[in-house]
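The values are calculated or read from the model by the stated rules, or taken from the named source; none is laboratory data. Note that the structure is a prediction, hence the values are computed from the model and not measured. Here the Cβ positions follow ideal geometry from the backbone for every residue, glycine too, while neighbour counts run over all protein chains shown.
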2 protein chains.
Amino acid sequence: MAPAAALALSLLLAFLAIGPCAAADSIDLWPMPQSVSHGTQKLYVKKDITMSMVGSTYSDEKSILKDAFQRMLDLITLNHVIDGIDPGSSVLTCVNVVVRTPEDELSFGADESYNLTVPTTGDPLYAQIQAQTVFGALQALQTFGQLCYFDFTSRLIELNSAPWIITDRPRFPYRGLLIDTARHYLPVKTIKGVIDAMAYSKLNVLHWHIVDEQSFPIEIPSYPKLWNGSYSYSERYTMSDAIDIVRYAEKRGVNVLAEIDVPGHARSWGIGYPALWPSESCREPLDVSKNFTFEVIDGILSDFSKIFKFKFVHLGGDEVNTSCWTRTPHIEGWLNNNHMNVSDAYRDFVLRSQKIAISHGYDVINWEETFNSFGDKLDPKTVVHNWLGEDVAPKVVAAGHRCIVSNQDKWYLDHLDASWEGFYMNEPLKGINDTKQQQLVIGGEVCMWGEEIDASDIQQTIWPRAAAAAGCGLRLRSSQMTQDLSRQDWRASGVC
Amino acid sequence: MAPAAALALSLLLAFLAIGPCAAADSIDLWPMPQSVSHGTQKLYVKKDITMSMVGSTYSDEKSILKDAFQRMLDLITLNHVIDGIDPGSSVLTCVNVVVRTPEDELSFGADESYNLTVPTTGDPLYAQIQAQTVFGALQALQTFGQLCYFDFTSRLIELNSAPWIITDRPRFPYRGLLIDTARHYLPVKTIKGVIDAMAYSKLNVLHWHIVDEQSFPIEIPSYPKLWNGSYSYSERYTMSDAIDIVRYAEKRGVNVLAEIDVPGHARSWGIGYPALWPSESCREPLDVSKNFTFEVIDGILSDFSKIFKFKFVHLGGDEVNTSCWTRTPHIEGWLNNNHMNVSDAYRDFVLRSQKIAISHGYDVINWEETFNSFGDKLDPKTVVHNWLGEDVAPKVVAAGHRCIVSNQDKWYLDHLDASWEGFYMNEPLKGINDTKQQQLVIGGEVCMWGEEIDASDIQQTIWPRAAAAAGCGLRLRSSQMTQDLSRQDWRASGVC
């Protein structure tokens, strides 16, 4: 395990020590699976435990499963040396993984369910994982790893309270974490460390807020001067770096959602192409009056579509201050010629950008201001990303749109006063009672905006609070939660 | 490169951007080698650059050199993807390393000198490293890596300003960094991350202050209850972990100096063996009156000698408050029977401990209080470790003892108000003019005490200030520094 991963894990372990989800049972699993039963027997895990795939139709050509198994082994040793003493007790020698489908492309809504059984008898004694897809099997390996810990007496890995029978499936198909590489550049390795830690909590979407008004760190081959807006020559991602990050994430069951935030939050674009600014002195939002603006957006999304294969792209659309449009003569003239006010122009900008994204095969995600301003005009397939408060999600799904929940008061990680209890108790379906409308909430996302953090403290700021969201609202059903919310002893009773 | 290593490197790079050692030349090497000359030509480093060892008598059986070469390649890519475009320019295809001696055991005073040449002509074009030992070659690879950087245009590794002719050797054989795993436990991976970063600055001694009054995290097979004094069941190092750390360090040219600090700073010992406390209510220093105390010290040092193969062991001896000895009846009686006061007892404790360490083959290092209190009684081979101020080193070497310099006002990393300029300008030979006495200063050490840091911020607190010490006082001669200290523009003139 890499140091940052070790740090993330130790933060998570410290968190578990405070308030495990099912404290009453003393089952130290996080997130808590949907169903868990166990016994009382202690097993030891063989130093050179192996993985087999008897019964799988999946071939693991990309070594997704084998690599995950090795990472799990590295993780449970916590870098301690396993001495290999045979204690003469029950020793688990193998994990057999049955994956039922041969596909290995990570797609939105992929079946992530799994069964995990750890018996106490058998020769050889082996654990059994059954999953529809390799990505379910990855989650099963995470759970298996959490059953194991290094024992300082035997110098082996112990697995207590066997036999185990665990069945699990996530509540939502979209369980996201936002990172922001525009306010502070994050080295590729740091991003990979975040992805590693996401996998521990079974989060499955890295929302990469790549660019913003402060910097444009990524290479866009179609418009190669765009990354002139990077903070420095070195604080950049090549296209190859982006491909590397996407592949790294996919091998861990994590999708990468790329965002360009238009028309606001885009001042850095004009460092390379000043024509994108309304004027030299008024630099944001992007110039709505020029075709060139949309040609650049088309170039970016065309380049993105070769790399970011997730079903969705995020087009932002939040916090648009249009004063530069009215204060710039050529744009004011264009507005007048087209009989538009700035609200019309904002709407048309977003809708035109949506069409471009759709032409490149994407479904579009937009921040909630777009819905709040002209929800009835949005493409019907738009996913509305809530952030301002908790009231919008019911309106979004009532209007027939899909929704991602990130209400800032509870799920913004840059709000340092947002407590882990708040992350834990936030309910994405609050105020939505209709079953069909509930299904339009595809999930939620915790957001680590980058103004105040960089590579040195991003992991400490994300965890353990992100794990609280991953372990409760994002992962498990709220039926029990609703009932227990009224109790003062919810922490002891384990509401999830 | 692991995230923590990336962080350490980025801190170092940020530091270099502020004040490179030889700003006048714009040579971005750190620490600055003894002699550097270069040209103006740009080379590219082949994506799959290889290492050869033509002319070496060293076989690299332990893969010390090959692994270091691979780490250097990982480092210079900064995890960017090298696209492998052939720019049709001069391409460096190989580094040939000539190591003259076959030995691969890291020992105190090992020859760490090297020559590094990077020519601009030749087919194939290759860099040449010459070193007496593999550990000199490791340092050459660090320097070579610093000549290279990822170029965002060619997507190759560039090496500018060739040809290069560099010769280098460190000023002192002991260039240390102290870490403290007693005040906060540090995971094994965190310690490894610190070792990685030490190698970047060519520091070569990790002073591992393992135990203190707060916790006893390490396994001692001879006295297996000692690590009952760990903070928790998990915050422990097995003997195998310690071996792993020592091997990891050795492969990077870093010695590990183990410390047990006696008779003060040892309260945690008594959790497992309460007989080591003067009494249940007065728990420090260790009970000087019992043979058992010295049997335990003998057991620890016997176990240490199987693991920590460095020439030295550190026995502490600082900050001994003897009031518990006079306040405990059985110890007071023992003092009276032996016609000793507490000062005598402190002296005898230290000297008896020294004899035990020597019997296990060690040379002893003690903190300066031992010298200040009874310097004439110390074993002649004792190395006195300065920390209180800058005046003691001249007295130590005048008395014929060896000395390590760590004056706290300049080289204590836990002093957050100690500036990098202070780390940079601290002169270990200050006040020592006699050449033979100067040779008794074996080096210096920067100290990262653990009260206020843990795994989450140790790297940020160590670097870049430790690199300032590593780049100036510890690495280069002070002749130029003395002259330039009087100048106000020392930073611009590059005093080292």
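Quick notes on this one:
- Residue within the stretch A:239-252 that is under 19 Å from B:Tyr149 (Cβ atoms) and β-branched (Val, Ile, Thr) present: no
- Some residue of the stretch A:251-266 being within 27 Å of A:Leu138 (Cα to Cα) and among the small types (Gly, Ala, Ser): yes
- Scope the stretch A:302-342; condition buried (at least 17 other Cβ atoms within 10 Å of the Cβ) and part of a helix (DSSP H, G or I); matching residues: A:Asp303, A:Phe304, A:Cys324, A:Trp325, A:Ile331, A:Trp334, A:Leu335, A:Val342
- Of the candidates B:Gln459, B:Gln408, the single residue that is of a type in the set (S, T, N, Q), in the same structural domain as B:Asn366 (by TED's automatic domain parsing) and more than 15 Å from the chain's Cα centre (by Cα) is B:Gln408.
- Among the numbered conditions (1) within 14 Å of another protein chain (Cβ to nearest Cβ); (2) within 29 Å of the chain's Cα centre (by Cα), the only one that B:Glu103 does not meet is (1).
- From B:Gly176, B:Gly193, residue being in contact with a helix residue (DSSP H, G or I) (Cβ under 6 Å, 6 or more places away or on another chain), crowded, with 24+ Cβ neighbours inside 10 Å and under 24 Å from B:Gly471 (Cβ atoms): B:Gly193
- Cβ-Cβ under 6 Å pairs, at least 6 apart or on other chains, the stretch A:108-127 side farther than 28 Å from A:Gly443 by Cβ, far side crowded, with 18+ Cβ neighbours inside 10 Å and among the aromatic types (Phe, Trp, Tyr): A:Val118/A:Trp164
- Residue satisfying condition, being surrounded by 18 or more Cβ atoms within 10 Å (Cβ to Cβ) and either at positive phi or outside the structural domain of B:Val313 (by TED's automatic domain parsing) (or both), within set B:Gly443, B:Gly450: B:Gly443
- Residue match in the stretch A:400-415 (condition: more than 28 Å from A:Asn321 (Cα to Cα) and touching a Gly at 6+ places or on another chain (Cβ under 9 Å)): no
- Scanning the stretch A:219-246 for residues that are assigned to a helix (DSSP H, G or I), of a type in the set (Ser, Thr, Tyr) and away from chain B (no Cβ under 12 Å) returns no hits.
- With respect to the conditions (1) within 14 Å of another protein chain (Cβ to nearest Cβ); (2) within 25 Å of A:Val364 (Cβ to Cβ); (3) under 21 Å from the mean Cα position of the chain (by Cα); (4) not in a helix (DSSP H, G or I), A:Phe216 lacks only one, and its number is (3).
- The set of residues in the stretch B:49-79 that are within 14 Å of another protein chain (Cβ to nearest Cβ) and modelled with pLDDT under 95 comprises B:Asp74, B:Leu75, B:Ile76, B:Thr77, B:Leu78, B:Asn79.
- Matching entry among B:Arg100, B:Arg71 (being closer than 25 Å to B:Ser161 by Cβ and either without any contact (Cβ under 8 Å) to a residue 24 or more places away in the chain or of a type in the set (Lys, Arg) (or both)): B:Arg71
- The residue pairs whose first member lies in the stretch A:278-294 and is β-branched (Val, Ile, Thr), whose second member is surrounded by fewer than 16 Cβ atoms within 10 Å (Cβ to Cβ), and whose beta carbons are closer than 7 Å, counting only pairs six or more residues apart or on different chains, do not exist in this structure.
- A:Val342 modelled with pLDDT of 95 or more and closer than 25 Å to A:Leu476 by Cβ: no
Let's see how each residue does on (1) under 24 Å from the mean Cα position of the chain (by Cα); (2) part of a helix (DSSP H, G or I):
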site	(1), (2)
B:Asp344	no, yes
B:Ala357	yes, yes
B:Gly361	yes, no
B:Gly375	no, yes
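- Taken over the stretch A:148-181, the criterion of being in contact with a His (Cβ under 9 Å, 6 or more places away or on another chain), of a type in the set (A, V, I, L, M) and either at pLDDT below 95 or over 30 Å from A:Tyr412 (Cα atoms) (or both) is satisfied by A:Ala162, A:Ile165, A:Ile166.
- Some residue of the stretch A:247-266 being within 23 Å of A:Ala357 (Cβ to Cβ), within 13 Å of chain B (Cβ to nearest Cβ), more than 14 Å from the chain's Cα centre (by Cα) and assigned to a helix (DSSP H, G or I): yes
- Residues in the stretch A:134-188 that are basic (Lys, Arg) and assigned to a loop (DSSP other than H, G, I, E, B): A:Arg155, A:Arg169, A:Arg171, A:Arg183.
- A:Gly299 not in a helix (DSSP H, G or I) and not acidic (Asp, Glu): no
- When residues of the stretch B:185-213 are limited to those that are closer than 19 Å to B:Phe304 by Cα and among the β-branched types (Val, Ile, Thr), the one farthest from the other protein chains (Cβ to nearest Cβ): B:Val205
- Some residue of the stretch A:402-414 being of a type in the set (S, T, N, Q) and touching an Asp or Glu at 6+ places or on another chain (Cβ under 6 Å): yes
- Selected residue (criterion: surrounded by the fewest Cβ atoms within 10 Å (Cβ to Cβ)) from residues of the stretch B:114-143 that are closer than 25 Å to B:Val81 by Cα and in contact with a strand residue (DSSP E or B) (Cβ under 6 Å, 6 or more places away or on another chain): B:Pro124
- Among the conditions (1) touching a residue at least 24 places away in the same chain (Cβ under 8 Å); (2) out of contact with any Phe, Trp or Tyr (no Cβ under 8 Å at 6 or more places or on another chain), A:Gly88 misses just one, which is (1).
- Filtered by the rule that a residue be more than 19 Å from A:Ser232 (Cβ to Cβ), touching a Phe, Trp or Tyr at 6+ places or on another chain (Cβ under 8 Å) and surrounded by 20 or more Cβ atoms within 10 Å (Cβ to Cβ), the stretch A:263-276 gives A:Pro263, A:Leu276.
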